[in-house]
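Right, one structure below, let's go through it.
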Amino acid sequence: MNGDLLRKVAIVGVGLTKFGERYDASLRNLVSEAGIACFEDAGMSNKDIDALYVGNMASGRLTEQEHVGALVADELALSNVPALKVENACASGGTAFRQAYMAVASGMHDRVMALGVEKMTDVSTSEATTGLGGAGDKSWELDDGITFPGLYALMARRHMHDYGTTEEQMAAVAVKNHANAYKNKYAHFHKIISIDDAIRSKMIADPLKLYDCSPISDGSASLIMVPAEDARKYTDTPIIISGSAQASDTLRLADRDDITSIKAARIAAEKAYSQAKIKPSDVNVAEVHDCFTIAEIIAMEDLGFYKKGEAAKAIFDGDTGLNGKVSVNTSGGLKGCGHPVGATGIKQAVEIVWQLRGEAEGRQVSNAKIGLTHNVGGSGSTAIVNILERGD
Amino acid sequence: MKEPTYNYREDSEKLNFVGNECNKCHKVYFPKRNVCRDCGSTEMIDRKLSGNGEIYSYTQIMVPPEDFNDKESYYAVIVKLDEGPRVSGILVDSGTTPDIGLRVKPALRLMKKDKETGLPRYQMKFEIID
Ligand SMILES: CC(C)(COP(=O)(O)OP(=O)(O)OC[C@H]1O[C@@H](n2cnc3c(N)ncnc32)[C@H](O)[C@@H]1OP(=O)(O)O)[C@@H](O)C(=O)NCCC(=O)NCCS
Ligand SMILES: [Zn+2]
């Protein structure tokens, strides 16, 4: 489609729940916690919203609740608006974000809410991870005994083989993201860890250990988008969506030509950069999909921040820490902040909005003007990259 | 009798290494496809593969899927088959530690009885050729 026909879109409100093992909260409670916070932040009434997109992967499997679009619209007392849930595995949130963006950009709707939610701890860890395994190919991966961490372990092993990436370098991703999460009151973990702690943690799928994995979390995140020309009615610091792109690839990992890179992410990144007319080096702050530590290393290469094979060392050397060359996963990422699957893609955007507004208490990146989110589904079968900028 | 939850419909293809080949561009696939990924053709012809190949990547899975089999850990691999396609699978327990580049051949094994149906379930695994 001709981009010139699209309206510019701004984010004018965001809301987030505390992530973690939320035994106190049901799916519905998480939705209202994030939704109400979002209305307050936007200074908007729930009756102002005219469409809703919900990101959620597995409510049916994890809580026996389907029809989550209507559930959220009902819980937040929206006005009989069109409401739907989108599922794209771990990229469900990013997909809901992009659907909301397209709805406003196209002129179809004027005040759209995107909300992501996942309630994961009402089932055992093994039931949850079996459910997550459905993000890959059920009959040609999961049924054969290849778990989700197993898929990323296969990627990690090949990355180590081709580029000399080490277990210490992967551990450095976890150490950084736990340090960032420590400064984020919404994060699942508030625990500083060392490279040694990470290396000595229990093996899950060699070479990935417990601290290389994101946890099973509950949580919800939400935001409201409007046409940029209306944004100042709601906020003094609108955040503009200057690029938004999505791509897909084979469902099975083994079918890809190169498993040390995620092609869908490379394609989405290239498109998003060109829409926003920026280069990777213009980005100040990024939330990337570190479902496993190796995934952050691969993301930094796919997003063009580093040449292939050079990200791991740079991360180990501290390049991507708070106020580094580019500040990556200031929220704590999926590793430290937690990974309530459907909420993650929206949470990434919430964190970038806070960073660009200058509201990221205790972990603010100085002078952040351009931010990026990178959300991946499965072992790389879906990827979404968004670019956000300050409206001033 | 209940239906098994695994995809038994693909067993004959899986257990016999039957893939297919595009009749236009001759790309070989395993598992079979109905549409060629490269050229889009739908003229696909079955082709039996050897199941021989070499290890492209591997991992030792220490936390198996729920109710998968009796083993506490096992090696998973991606194998590049001699005919071209790559496929993931698991290794038989032969005591040899896998490495990238090692040659493998297929090995049919009884996994366990399917929990729903009580029927035996087989899996085509790989075995490292010493
Ligand atoms: C790694 C994993 C298997 C751990 O599960 P587990 O071994 O059952 O862990 P438990 O829930 O029993 O927790 C044991 C301890 O480890 C901690 N823990 C659990 N997961 C953790 C993680 N990923 N990182 C750090 N600590 C973790 C728990 O807080 C708990 O600590 P405590 O004993 O101090 O309370 C599980 O978290 C997992 O599968 N993660 C990957 C999720 C995934 O695939 N997501 C989709 C990616 S897109
Ligand atoms: Zn073809």
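The values are calculated or read from the model by the stated rules, or taken from the named source; none is laboratory data. Please read these numbers as outputs of a predicted model, since none were measured by experiment. Positions of Cβ are generated from backbone atoms using ideal geometry, with glycine treated the same way; all protein chains shown enter the neighbour counts. These accessible areas exclude ligands, DNA and RNA; they are computed on the full protein's heavy atoms, side chains included. Shrake-Rupley method; radii C 1.70, N 1.55, O 1.52, S 1.80 Å.
Observations, loosely collected:
- Residues satisfying the stated conditions in the range B:98-127, i.e. of a type in the set (Asp, Glu), open to solvent by 30 Å² or more (accessible area, probe 1.4 Å) and in contact (Cβ under 8 Å) with a residue 40 or more places away in the chain: B:Asp99, B:Glu116
- Set A:Glu127, A:Glu118: member being within 12 Å of ligand 1 (Cβ to nearest atom), over 28 Å from A:Thr260 (Cα atoms) and within 14 Å of chain B (Cβ to nearest Cβ): A:Glu127
- Filter pass, B:Phe30 being closer than 17 Å to B:Ala107 by Cβ, open to solvent by less than 40 Å² (accessible area, probe 1.4 Å) and within 16 Å of ligand 2 (Cβ to nearest atom): yes
- Between A:Ser126, A:Ser139, the distinction of being modelled with pLDDT under 95, open to solvent by 30 Å² or more (accessible area, probe 1.4 Å) and of a type in the set (Gly, Ala, Ser) belongs to A:Ser126 only.
- In the range A:219-239, the residues that are at pLDDT 95 or above form Cβ pairs under 9 Å with partners that are hydroxyl-bearing (Ser, Thr, Tyr) and outside any loop (DSSP other than H, G, I, E, B), at six or more places apart or across chains, as follows: A:Gly219/A:Thr344; A:Ser220/A:Ser32; A:Ala221/A:Thr344; A:Met225/A:Tyr101.
- Of the residues in the range A:131-153, at least one is among the polar types (S, T, N, Q) and either within 11 Å of chain B (Cβ to nearest Cβ) or within 19 Å of the chain's Cα centre (by Cα) (or both).
- Every residue from the range B:101-122 that is farther than 11 Å from B:Asn69 by Cα and out of contact with any Gly (no Cβ under 8 Å at 6 or more places or on another chain): B:Gly101, B:Leu102, B:Ala107, B:Leu108, B:Arg109, B:Glu116, B:Thr117, B:Gly118, B:Leu119, B:Pro120, B:Tyr122
- Identity of the residue in the range A:202-222, within 7 Å of ligand 1 (Cβ to nearest atom) and open to solvent by less than 50 Å² (accessible area, probe 1.4 Å), that ends up nearest to A:Leu115 (Cα to Cα): A:Ile216
- Residues (modelled with pLDDT of 95 or more, farther than 26 Å from A:Leu322 by Cα and charged (D, E, K, R)) located in the range A:142-191: A:Arg157, A:Arg158, A:Asp162
- Residues within the range B:16-72 that are over 30 Å from B:Glu116 (Cβ atoms), part of a loop (DSSP other than H, G, I, E, B) and touching a Ser or Thr at 6+ places or on another chain (Cβ under 6 Å), tallied: 2
- Any hit, the range A:228-248, residues being open to solvent by 10 Å² or more (accessible area, probe 1.4 Å) and within 14 Å of chain B (Cβ to nearest Cβ): yes
- Qualifying residue in the range A:302-310 (condition: open to solvent by less than 20 Å² (accessible area, probe 1.4 Å), in contact with a helix residue (DSSP H, G or I) (Cβ under 9 Å, 6 or more places away or on another chain) and over 29 Å from A:Lys209 (Cβ atoms)): no
- Taken together, B:Ser73, B:Ser41, B:Ser50 contain a single residue that is more than 8 Å from chain A (Cβ to nearest Cβ) and closer than 22 Å to B:Tyr6 by Cα, which is B:Ser73.
- The set of residues from the range A:249-274 being touching a Pro at 6+ places or on another chain (Cβ under 9 Å), within 14 Å of chain B (Cβ to nearest Cβ) and not aliphatic (A, V, I, L, M) comprises A:Arg252, A:Asp255.
- Within the range B:21-38, the residues that satisfy the criterion of being away from chain A (no Cβ under 14 Å) and either within 16 Å of ligand 1 (Cβ to nearest atom) or not hydrophobic (A, V, I, L, M, F, W, C) (or both) are B:Glu21, B:Asn23, B:Lys24, B:His26, B:Asn34.
- Within the range A:157-171, the residues that satisfy the criterion of being more than 8 Å from chain B (Cβ to nearest Cβ) and either closer than 30 Å to B:Ala107 by Cα or surrounded by fewer than 24 Cβ atoms within 10 Å (Cβ to Cβ) (or both) are A:His159, A:Met160, A:Asp162, A:Tyr163, A:Gly164, A:Thr166, A:Glu167, A:Glu168, A:Gln169.
- Listed by position, the helices (runs of 4 or more DSSP H) inside the range A:1-113 whose residues that are out of contact with any strand residue (DSSP E or B) (no Cβ under 7 Å at 6 or more places or on another chain), open to solvent by less than 60 Å² (accessible area, probe 1.4 Å) and outside the structural domain of A:Pro340 (by TED's automatic domain parsing) number at least 3 are A:59-63.
- A:Val341 of a type in the set (A, V, I, L, M), crowded, with 23+ Cβ neighbours inside 10 Å and within 14 Å of ligand 1 (Cβ to nearest atom): yes
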